[in-house]
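The values are calculated or read from the model by the stated rules, or taken from the named source; none is laboratory data. Keep in mind that what you see is a predicted model, and the values were worked out from it rather than measured. Cβ placement follows ideal geometry from the backbone for every residue including glycine, while neighbour counts extend to all protein chains displayed. Side chains are part of the model used for accessible areas, which takes the heavy atoms of the whole protein and leaves out ligands, DNA and RNA. Shrake-Rupley method; radii C 1.70, N 1.55, O 1.52, S 1.80 Å.
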Amino acid sequence: LSWDDRVSIQIEDHYYDNSDAAVVFKRVDRWTGDTRYIYHGNDGTSMPWNDTAQLNFLNPKVREAVIQTILQIAKRFPVIRFDAAMTLTKKHFQRLWYPEPGSGGDIPSRAGLGMTKEQFNVNFPIEFWREVVDRINQEIPDTLLLAEAFWLMEGYFVRTLGMHRVYNSAFMNMLRDEKNQEYRQVIKNTIEFDPEILKRYVNFMNNPDERTAVDQFGKGDKYFGVCTMMVTMPGLPMFGHGQVEGFTEKYGMEYQRAYWNESPDDSLIDRHEREIFPLMHRRRLFANVDNFYLYDFYSPQGYVNEDVFAYSNRMGDDRALVIYHNKYASARGWIRSSVSFPLKVGETRSLVQTNLGNGLNLPDDHRQFVIFRDHTSGLEYIRNCQELHKNGLYIELDAYKSHVFLDFRIVTDTEEHPYANLEKELNGKGIPSMDEALQEMLLRHILLPFRDLINAGQIRWLIDHRQIPSSKSDVIVEEKNINSVLDEIEEKTKVFLTEVLQKLGDSSNPQMFARDIRQRIFNILQLPIFDSQMKEGGVKTTIKLNRYLQNGLDTREFNQFPLTNGDSKVWCVLICWAVIKDLGKIIQPEYYEEYSISLLDEWRLWKIISGAFKEFGVQDDEINQAISLIRLMIRYQSWRERYLSTHTPLNQILQSWLNDPELQNFAAINHYQGKLWFNKECFEELLWWFFITAIIELQEKTTAKTRLQKELTNTYNAIRQILDAEILSEYEVEKLINQLQGK
């Protein structure tokens, strides 16, 4: 194997035919004829490492030469990893290379070269790694020394030898093989002896000498459960090459390149980004052991379920509780008391336990509650602090499921904030926002009647009672009797408005407002036959005006609007707007539009409206668009009266609209190359909806048919001028406004 003609290096033949491993290799000095047989590195467990030569560490010059090499490397790199470091401890170096007489030895031919313990200690007086650590700390103290050590020597390396970090191979092996009881015992033993050892461990799921993580743990919940433990346990988490990407090729330190053509698994990376990486940004909460507690998980039958790992940690007021079930089974039970940990008082050291409430540093007070969030689901939970002290936390876990509870905050039950009622009502269930749930509970007397008024079933009932014109003429096929429907709407509206007035401390009669909403909904349901109504009154609206109106209602013809690609959504927007548009007028008759929006925000009525859209099968992005549209329709419902009736120039009207950030967002106004642009479809949709608001407003305020036709024509002409200007603007905001100068 030698690259130098002066020396011959030969390895045993059976190494090449894979029938055996070479214990030694032959070295011949061709200049002198000197022949030697040199041992390969060997840990005595399986096969020698045929690409190594074993150094004799009984020789002090050898030890010093290796230390000098380490120091030279430390000048270049801040972290050094020592491979198979346990083989150089005195205990194992003697076992392997100088076995005590009568022990037999683990390496062929070494039994006859053994030493007594006393002889060995004379030649190898000090642990080599202790020398290395002391020299590094003295000469290059900023270097981090990381030892790969097996055979349950992890604690010895950090406790006695002073190594800064040590591989915790038990983490990978035992969790992979689901030897959960054994690994919990390892953690418990470490805590009982000295918890500080835990933070010196390097926890990992694969390394260059092991099978890949995806091979050992897969890509599902088990992998992510163990990975969650890896990044939330005290110590140092270590990811192997290709672990996050899901690579399956096993690599070694000698690899210069990958041999398999693999692509990163995007879904695996995405899940890391959602579940794992945010936890790594909070490593300061998990890395230390001062407030680390491991808990027993008690089943309802009273025994400890060793397959569940539960532990908490704290950094100041920042708390975390991690729970993982490492078994293909279901588990349920209580996290109540910790395992034993050492407590030193003066010179006395004793083992004690604590409960979950103390572990999380929660007050033992029945009036106080703790709210916390599950990192994976994003749901929030609430529990009584005294209950956690007394009984602990009840948890149910399916196979390989985990929870990481974070963002703990303590709240007090008061009359203004009845957290006790909220906890009782939720009965352990998680919800997206505890603050919203509390507000909704306080607003229930308003929300329940509003939900009774605005829901998919109610809206669908109204939609089914809208008037439909004949396909052959403008004669109505069937004059549907909707009085009974409107009677029910009016009654439900009164119930809702009664609660609103009570909430606002107003003694007004809701009857007038309820009748207005009834009439408004009636007018909306008559929109499909709007042109027929005008004819019956002796007034003929223009064909273009009615076509513009009907095209927006009949989505089979007017499908260019993003929101109107489903018939129900158009009517859902109209009906919701009709009910809520004048909400602020109850107590603020002048400029009530913004007050209406403010009440809708404060009372969380948008959530109920969103729920109604969701029941119709509308997607989330379209629901957000619909809510934004309704808000704009409320804000600008009186635009015709305030602008057209005062002969305000159209460019000023448009400018006032475009100054609104919410309207800018709806119209998709954006900067590009130093100019403002708008989206054609979104802008045209907004104009159509503003035209609808003008129609409804005119119907409510104008009784004379002739006057109504005139005002509608003026409104349509204004909209038409804006649309004509849009064509010439090339969808540039400044050009659009300029085109409307003087109009």
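Odds and ends about this structure:
- Counting only lysines at least 8 places from Lys544 when in the same chain, those with an alpha carbon closer than 16 Å to its own are Lys535, Lys710.
- Radius ratio Rg over Rh of the chain, counting only Cα atoms, Kirkwood formula for Rh: 1.17
- What you get for region 335-479, charging only the Cβ of Lys and Arg (+1) and of Asp and Glu (-1), is a dipole of about 600 debye around the Cα centre.
- One decimal place: the segment Asn56-Ile587 gains 181.8 nm when fully extended, by the rule 0.36 nm per residue minus the C-alpha distance.
- Net +/- balance of residues flanking Tyr592 in space, Cβ distance below 9 Å, scoring K and R +1, D and E -1: -3
- Too-long pairs where the Cα-Cα distance tops 31 Å, listed order kept, from Lys705/Lys735; Lys61/Lys188; Lys179/Lys424; Lys581/Lys680: Lys705/Lys735; Lys61/Lys188; Lys179/Lys424
- Mean Cβ neighbour count within 10 Å, used as a protection proxy, ranking 404-415, 569-580 highest first: 569-580, 404-415
- The alpha-carbon of Lys390 sits under 19 angstrom from the alpha-carbons of these aspartates and glutamates, leaving out residues fewer than 8 places away in its chain: Asp296, Asp364, Asp365, Asp413, Glu423.
- Look at the alpha carbon pairs under 8 Å that are at least 6 residues apart: their mean separation over the length of the chain gives a relative contact order of 6 percent.
- Portion, in percent, of the accessible area of region 139-291 that falls on carbon or sulfur, probe 1.4 Å: 47 percent
- Under 14 Å from the Trp49 label point (7 Å along Cα→beta-carbon), backbone N, region 112-153: 147-150
- Percent carbon-and-sulfur accessible area, region 590-724, ignoring ligands, DNA and RNA, probe 1.4 Å: 48 percent
- Rounded tilt (10° steps) of 180-193 against the dominant C-alpha axis of the chain: 70 degrees
- The chain: angle of helix 680-701 to the longest principal axis, Cα-based, in degrees nearest 10: 40 degrees
- Estimated distance in nm for a label pair at Glu602 and Ala65, the labels positioned 7 Å out from Cα along Cα-to-Cβ: 8.5 nm
- Counting 0.36 nm for each residue step from Gln664 to Lys344 and taking away their Cα separation leaves a gain of 108.7 nm.
- C-alpha center-to-center spacing [region 45-62, region 395-424] in angstrom: 57 Å
- Relative packing of 24-36, 426-438, which averages over residues the other C-beta atoms within 10 Å, highest first: 426-438, 24-36
- Residues Ala399 and Leu351, FRET efficiency given R0 of 45 Å [Cβ-Cβ distance, rounded to 0.05]: 0.85
- Solvent-accessible surface of the chain, averaged per residue with a 1.4 angstrom probe and all protein chains in place: 48 square angstrom.
- Note on region 627-691: Kirkwood hydrodynamic radius from all Cα pairs is 12.5 Å, rounded to one decimal.
- Arg159-Tyr259 FRET efficiency (beta carbon distance; Förster radius 30 Å; 0.05 resolution): 0.15
- Computed FRET value (nearest 0.05) for Tyr731 with Arg547, which takes r as the C-beta separation and R₀ as 22 Å: 0.40
- Here the chain is treated with +1 on each Lys and Arg Cβ and -1 on each Asp and Glu Cβ, and its dipole about the Cα centre works out to around 540 debye.
- Modelled spin labels at Asp13 and Arg444, positioned 7 Å past Cα toward Cβ, are 8.9 nm from each other.
- Residue-span extension gain [Asn137 to Val495] - 0.36 nm each, minus C-alpha spacing: 121.1 nm
- With a cut-off of 15 Å between beta carbons, the residues surrounding Lys344 carry a summed charge of -4, where Lys and Arg count +1 and Asp and Glu -1.
- Positive minus negative residues near Phe124 (Lys, Arg vs Asp, Glu; Cβ under 14 Å): +2
- Aspartates and glutamates with Cα under 13 Å of Lys614, excluding same-chain neighbours fewer than 8 positions away: Glu622
- ³J(HN,Hα), Karplus 6.51/-1.76/1.60, whole Hz, each residue of region 11-21, x for Gly, Pro: 10, 4, 4, 5, 5, 7, 8, 6, 9, 6, 10
- Nearest 10 degrees, 0 to 90: helix 567-580 Cα axis against the chain principal axis: 70 degrees
- Separation in nanometres of the label points that stand 7 Å from Cα toward Cβ, at Asn714 and Gln502: 4.4 nm
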